[in-house]
1. Pick out the one residue from Arg126, Arg183, Arg104, Arg150 that is basic (Lys, Arg) and surrounded by fewer than 18 Cβ atoms within 10 Å (Cβ to Cβ).
2. Just to be sure, is Ile313 not hydroxyl-bearing (Ser, Thr, Tyr) and not in a strand (DSSP E or B)?
3. Taking region 39-75, which residues are modelled with pLDDT under 95, part of a loop (DSSP other than H, G, I, E, B) and among the aliphatic types (A, V, I, L, M)?
4. Which ones in region 163-180 are under 20 Å from Arg466 (Cα atoms) and open to solvent by 20 Å² or more (accessible area, probe 1.4 Å)?
5. Could you check region 338-377 and list, in sequence order, the residues that are open to solvent by 30 Å² or more (accessible area, probe 1.4 Å), touching a residue at least 40 places away in the same chain (Cβ under 8 Å), in a loop (DSSP other than H, G, I, E, B) and in contact with a strand residue (DSSP E or B) (Cβ under 6 Å, 6 or more places away or on another chain)?
6. Only one of (1) farther than 21 Å from Leu118 by Cβ; (2) more than 24 Å from the chain's Cα centre (by Cα); (3) surrounded by fewer than 20 Cβ atoms within 10 Å (Cβ to Cβ) is not met by Glu9, so which one is it?
7. Just checking, does region 54-77 include any residue being touching a strand residue (DSSP E or B) at 6+ places or on another chain (Cβ under 9 Å) and either charged (D, E, K, R) or surrounded by fewer than 16 Cβ atoms within 10 Å (Cβ to Cβ) (or both)?
8. State all residues of region 309-323 that are crowded, with 24+ Cβ neighbours inside 10 Å and without any contact (Cβ under 8 Å) to a residue 60 or more places away in the chain; if no residue qualifies, say none.
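The values are calculated or read from the model by the stated rules, or taken from the named source; none is laboratory data. All figures in this text were calculated on a predicted structure; none of them were measured in a lab. Counting neighbours? That spans all protein chains shown, and the Cβs are built from the backbone with ideal geometry, glycine included. Surface accessibility is based on the protein's heavy atoms, side chains included, excluding ligands, DNA and RNA. Shrake-Rupley method; radii C 1.70, N 1.55, O 1.52, S 1.80 Å.
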Amino acid sequence: MGKPTGFLEYEREEAKATSPKERIKNFNEFHEPLSVDKQKCQAARCMDCGVPFCQNGKVIAGMVSGCPLNNLIPEWNDLLYNGNMEQAYNRLHKTNNFPEFTSRVCPALCEKACTCGLNGDAVSVRANEHLIIENAYEKGYAGAKAPHVRTGKKVAVIGSGPSGLAVADQLNKRGHSVTVYERDDRIGGLLMYGIPNMKLEKHIIDRKVNIMKEEGVTFVTNTNVGKDVKAADILKKYDKVVLACGSRHARDINAKGRDAKGIYFAVDFLMSTTKSLLDNGKLVDGTYVSAKDKDVVIIGGGDTGNDCVGTAIRLGAKSVTQLEMMPKPSKERTKSNPWPQWPRTEKTDYGQEEAIAVFGKDPRMYQTTVKEFQKDKNGNVKKAVLVSLEPQKDKKTGRMQMVPVPGSEKVVDANLVLIAAGFTGSQKYVTDAFGVSVDARTNVATKEETYETNVPGVFAAGDVRRGQSLVAWAIQE
């Protein structure tokens, strides 16, 4: 514990964000990190408490609290405060393969469990992590370190998202020869095409992938295993196979008029924008789903829905409406949601901040969903019929469900509809190709602890096994 009174002496200070109206002019990351000296003071706020909930990563009352990676947070906070930057990086990298990703996109479960947060503001763990990893790149600590000995064993990893990359990184360090197959044209999975540039600029991914290449990992893009390449050929060629191909089966909605043109899954919308920016260096008409001058309706109130809000505004949307099925959370913790549980409180994210700045109001409509889509004469969506929802207990199961309120229909303009309702599990063509069993939620079923499927030598990790989740859980798996 570098400074026993640090949490009393220093207030929490965060990186300054560019103003909403300024940052929507581009797709760049928009936070200016604190100086090294100021960030060290933030690290000094860590209490080195007797039970560091921040690094626990356990389910409490149905929600995860603390870091799933079990990052040694008090240790590297202390090392950062004392200026031992290389050792801070070594301790951080011991549990986290990709701090450059998590320090940008993780919702910081660690901070929600921080003891300082019980009676004040949590330690800025994510920002401390960001300084440690970026300094490591600058000073050369994070450079390539190829294994000195090879085992002669070959492993195929199917999918290059955070779980696939972590698998490849770990196995390569053990001396195995690893080949990663990716169906898209760039490595990164949803890191590359599911998370917009303003949260994670893509050169950050390329930087790490290039280091992994130097260390001996082979990457094969534009290759869809199960379609372009037979699973049987992969099984013959490699000693082991790891399925890390994510939970890419997008959840649809069942509403009249769903077949109208102009309705897209969020991941396809976000991917089209990112791909156009990367391919052309700018947005080129016809290469992405345009939101310019359109009334955009986004179905889903989570992180992906928020990313759609921010992206649509940058593309020049006329209006943005975001639908959330659940009731509006309270602004403060309730008595039934005490620390260190995950706080079920209202969160206004960057996209919603931008909508408030541009349109003068929060884009979210709570307890609302789409009942029907209306089309124009050419089959394009033009309006959406919304309906209010209310919680009601199911008589058979006893579970609360959100059900439509009769007579609450409301019609809004909608030229572009984005479905950000999450994902429902693995994709059938992949699981069928490898012959692996799936559970009731269509996630790949594995043995406890071993992650091995019913097919000998075939393993699964990440969203394909546990369902849609966080980057930190994908790396942990």
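1. Working: Arg126 fails: surrounded by fewer than 18 Cβ atoms within 10 Å (Cβ to Cβ); Arg183 fails: surrounded by fewer than 18 Cβ atoms within 10 Å (Cβ to Cβ); Arg104 fails: surrounded by fewer than 18 Cβ atoms within 10 Å (Cβ to Cβ).
Matching residue, one of Arg126, Arg183, Arg104, Arg150: Arg150.
2. Working: not hydroxyl-bearing (Ser, Thr, Tyr): yes; not in a strand (DSSP E or B): yes.
Answer is yes for this residue.
3. If the condition is that a residue be modelled with pLDDT under 95, part of a loop (DSSP other than H, G, I, E, B) and among the aliphatic types (A, V, I, L, M), then Met47, Val51, Ala61 are the ones that fit.
4. Answer for region 163-180, where residues must be under 20 Å from Arg466 (Cα atoms) and open to solvent by 20 Å² or more (accessible area, probe 1.4 Å): Val167, Gln170.
5. Listed by number, the residues that qualify are Trp342, Gln367.
6. With (1) farther than 21 Å from Leu118 by Cβ; (2) more than 24 Å from the chain's Cα centre (by Cα); (3) surrounded by fewer than 20 Cβ atoms within 10 Å (Cβ to Cβ) applied to Glu9, the lone miss is (1).
7. Scanning region 54-77, I find at least one residue that is touching a strand residue (DSSP E or B) at 6+ places or on another chain (Cβ under 9 Å) and either charged (D, E, K, R) or surrounded by fewer than 16 Cβ atoms within 10 Å (Cβ to Cβ) (or both), so the answer is yes.
8. Val309, Val320, Gln322 - these are the residues of region 309-323 that are crowded, with 24+ Cβ neighbours inside 10 Å and without any contact (Cβ under 8 Å) to a residue 60 or more places away in the chain.
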